[in-house]
Amino acid sequence: MTDAAQSQALLLQLLDQSNRPDPYPVYRKFLEAGPLQFPDANVHVFSGFADCDEIFRHPASCSDRLKSTIAQREIAAGAQARPFGPPGFLFLDPPDHTRLRKLVSKAFSPKVVKALEADVVGLVDGLLDRVAEKGRFDVVADLAYPLPVAVICRLLGVPLEDEPQFSSASALLAQGLDPFVTFTGEAPDGYQDRMGAGLWLRDYLRGLIHRRRASPADDLISRLIAVEESGDQLDEEEIVATCNLLLIAGHETTVNLISNAVLAMLRHPHYWRALGDDASKAPAIVEETLRYDPPVQLVGRIAGEDMVVAGGIEVPKGDSLMLLLASAHRDPVVTERPDEFDPDRGSIRHLAFGHGPHFCLGAPLARLEAAVALSAAARRFPNVALDGDPVYKPNVTLRGMEQLSVSLGN
């Protein structure tokens, strides 16, 4: 097999659902291979920590997919440029990214997040009370999923009773982040389902916006409407796109973070017991989980200009750069014993929230939710143990579980 064929085969291994329970042997192969270039496909894949960190920070590193040669090729072949309308600010570049992020950032400031702590504690206690009553525990369904959903719904002003409707749409849209087109040139199965989900969710949010216009409340949707009506460069479709992004990003990744942390600790039970005895250990456990088993396994960037990165690799303007965070976090150059889960290692370096202008706005909230949920669960149920293998969703990018059953013990 030629080097090019081996590299292409490696990409296909990453997409292979059979590797979802443990993709890290595949990521190790990427680390061993070093940066991979596919000039005919306009794609470059980076797996080392230093390379990913450099690209995050590079001034020509862009997030708007319309700047990519791949997207322009699709549009020239008849594809619609933005089938859902304008994207959320995560997928835009300055000045639009700067403007929209600034309007939203106050809702996720450290002061606001700190004020939410009592609510998060109350939500977690209520969820764990129900676990105790049932006598069984699915970490995803009973804790990791309902907690962040309730919090982001409260922040945005989305009725929690609508959760069954938007959760199915959100799950489909999360699959749309997987790089099937980038890696294979072909759309994966279920494309039309994801299109339908995206259009439905935006229509649903437009309906909420219209209701908030008539009856404002103390929530982010109402505040964004007030900004729009003041003429501060915000229109309804941008409100829709922003709320769409926050609703999905505000819970999908945190679900993975909480459940991944529980799984790692139950495979190393002394950490679960230690956390139950001392809640101050929670932040280190969260950070090590973000490194060891990150909720976001890879991200994409576009070269806004010709770039030279990773010690001399030339990336033409418009080419796509795929950053494999899951491999970067296990780079032995920056982390000793990278394949070991060790919250006590002291220095924990990761890129789970990105770097630069697109650093995750919700990072403080995700850290708070995870720390509260994990410490409370370990304290309430000190004798839990895994009850069967975890069941994983098909997602490559937002890799996570759809079921994690544990026994409560005595």
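The values are calculated or read from the model by the stated rules, or taken from the named source; none is laboratory data. The model shown is predicted, which means the values in this text are computed figures rather than measured ones. Quick reminder, even Gly has a Cβ in these numbers, built from the backbone with ideal geometry, and neighbours come from all protein chains shown. Only protein heavy atoms, including side chains, enter the accessible area calculation; ligands, DNA and RNA are left aside. Shrake-Rupley method; radii C 1.70, N 1.55, O 1.52, S 1.80 Å.
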### Query
Taking the Cα centre of each part, how many Å lie between region 258-321 and region 339-380?
9 Å
### Message
Translational diffusion coefficient of region 1-74 at 37 °C, 0.692 mPa s, Stokes-Einstein with Kirkwood Rh over Cα pairs, in µm²/s as a whole number.
### Response
234 µm²/s
### Query
So, in Å, what gap is there between the alpha-carbon centers of region 55-83 and region 98-157?
33 Å
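Ranked by accessible surface with a 1.4 Å probe, highest first, in what order do Cys360, Cys52 come?
Working: Cys360 50, Cys52 0 Å².
Result of the area sort, largest leading: Cys360, Cys52.
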### Message
For a quick check of understanding: with a 1.4 angstrom probe and all protein chains in place, what accessible area in square angstrom does Arg211 have, to the nearest ten?
### Response
130 Å²
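Out of every Cα pair in region 181-268, what percent are spaced more than 16 Å from each other?
67 percent
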### Residues of the chain: accessible area per residue with a 1.4 Å probe, Å²
43 Å²
### Task
Could you check the simple spin-label distance between Val391 and Ser7, using points 7 Å along Cα→Cβ, in nm with one decimal?
3.9 nm
### For region 288-402, the fraction of alpha-carbon pairs in successive 5 Å shells from zero, as %
2, 9, 13, 18, 21, 16, 9, 5, 3, 2, 1, 0
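In whole percent, what relative contact order does the chain give with Cα contacts below 8 Å and a gap of six or more residues? Let's see the in-between values first.
Numbers: 601 pairs, mean separation 113.1, N = 410.
The normalised contact order for the chain reaches 28 percent.
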### Message
Cβ neighbours within 10 Å, averaged per peptide: list 317-325, 123-131 in order, most packed at the top.
### Response
317-325, 123-131
#### Entry: Stokes-Einstein translational diffusion, region 25-109 - Kirkwood Rh over all Cα pairs, 1.306 mPa s, 10 °C, in µm²/s
102 µm²/s
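Could you please report the charge total around Arg273, scoring K, R as +1 and D, E as -1 over all other residues with beta-carbon less than 14 angstrom from its beta-carbon?
Details: positive: Arg267, Lys281, Arg379, Arg380; negative: Asp277, Asp278, Asp344.
With Lys, Arg at +1 and Asp, Glu at -1, the neighbours total +1.
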### Query
Considering the Cα trace of the chain, what is its radius of gyration and what is Dmax, both in angstroms?
21.1, 64
### Loop-exposed GluC sites (Glu not before Pro) per DSSP, neighbour cap 11 Cβ within 10 angstrom, longest uninterrupted part of the chain
1-185
### Query
Taking all protein chains as present, what is the carbon and sulfur share of the accessible area of the chain, in % to the nearest whole number, probe 1.4 Å?
53 percent
### Task
Could you work out the local net charge near Lys317, counting Lys and Arg as +1, Asp and Glu as -1, over the other residues with Cβ closer than 11 Å to its Cβ?
-3
#### Entry: Label point distance in nm, Lys106-Ala279, each placed 7 Å from Cα along Cα→Cβ
3.1 nm
### Message
Tell me whether region 153-199 comes out rounded, prolate or oblate; compute the Cα gyration tensor, take square roots of the eigenvalues as a ≥ b ≥ c, and use a/c under 1.5 as the rounded threshold.
### Response
prolate
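Please compute the net charge surrounding His350, taking Lys and Arg as +1 and Asp and Glu as -1 over other residues with Cβ under 14 Å from its Cβ.
Working: positive: Arg291, Arg330, Arg345, Arg349, Arg367; negative: Asp53, Glu287, Glu288, Asp293, Asp331, Asp342.
Residues close to His350 contribute a combined charge of -1.
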